[in-house]
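Colleague: Pasting a structure below so you can have a look.
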């Protein structure tokens, strides 16, 4: 899927997003989420808020990386045990392989809940807290 189609799907709403990512599923009650009407362009904030609102000791991790052909910086949550990926902008849950195939997601740095809290306090912003460009794009 091209990045233009992804942006169009995100902008048009949930019906088009579901068509664009047929392997994605709506998040269940075990997925840490924040409610937001505006999601586009806020992946680092929404992923950070989602993880910080999860129960202490959660197996969900904050991932900073890239997605798409142009290697846009992106953040999402990943469940360490099951490999499920929650894309906070699309508001969809994928399997790790489906996420990589459908969105071109590539993890560059992972943060546990405690590590993310420390990085947030130190940086005083939601991220990115690493150089989230793959070596070949630098």
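The values are calculated or read from the model by the stated rules, or taken from the named source; none is laboratory data. This one's a predicted model, so the numbers in the text were calculated from it and none came from an experiment. Neighbour counts are summed over all protein chains in view; Cβ atoms, including those assigned to glycine, are modelled from backbone coordinates with ideal geometry.
Colleague: What residue, of 63, 6, is touching a strand residue (DSSP E or B) at 6+ places or on another chain (Cβ under 6 Å) and either assigned to a helix (DSSP H, G or I) or at pLDDT 70 or above (or both)?
Modeller: 63
Colleague: Another one. Answer with yes or no whether residue 93 is more than 13 Å from residue 48 (Cβ to Cβ), touching a helix residue (DSSP H, G or I) at 6+ places or on another chain (Cβ under 7 Å) and either part of a strand (DSSP E or B) or touching a residue at least 24 places away in the same chain (Cβ under 8 Å) (or both).
Modeller: For residue 93, the condition - more than 13 Å from residue 48 (Cβ to Cβ), touching a helix residue (DSSP H, G or I) at 6+ places or on another chain (Cβ under 7 Å) and either part of a strand (DSSP E or B) or touching a residue at least 24 places away in the same chain (Cβ under 8 Å) (or both) - is not met.
Colleague: Which residue is farthest from residue 89 (Cα to Cα), if the candidates are limited to region 18-32 and must be modelled with pLDDT under 70, more than 15 Å from the chain's Cα centre (by Cα) and surrounded by 13 or more Cβ atoms within 10 Å (Cβ to Cβ)?
Modeller: So the residue we want is 23.
Colleague: Still on this structure: Take region 33-56 and flag every residue that is out of contact with any strand residue (DSSP E or B) (no Cβ under 6 Å at 6 or more places or on another chain), surrounded by 14 or more Cβ atoms within 10 Å (Cβ to Cβ) and assigned to a loop (DSSP other than H, G, I, E, B).
Modeller: 33, 34, 36, 39, 42
Colleague: Moving to a separate point now. Of all residues in region 103-132 being part of a helix (DSSP H, G or I) and in contact with a strand residue (DSSP E or B) (Cβ under 7 Å, 6 or more places away or on another chain), which is surrounded by the fewest Cβ atoms within 10 Å (Cβ to Cβ)?
Modeller: In this case the residue turns out to be 119.
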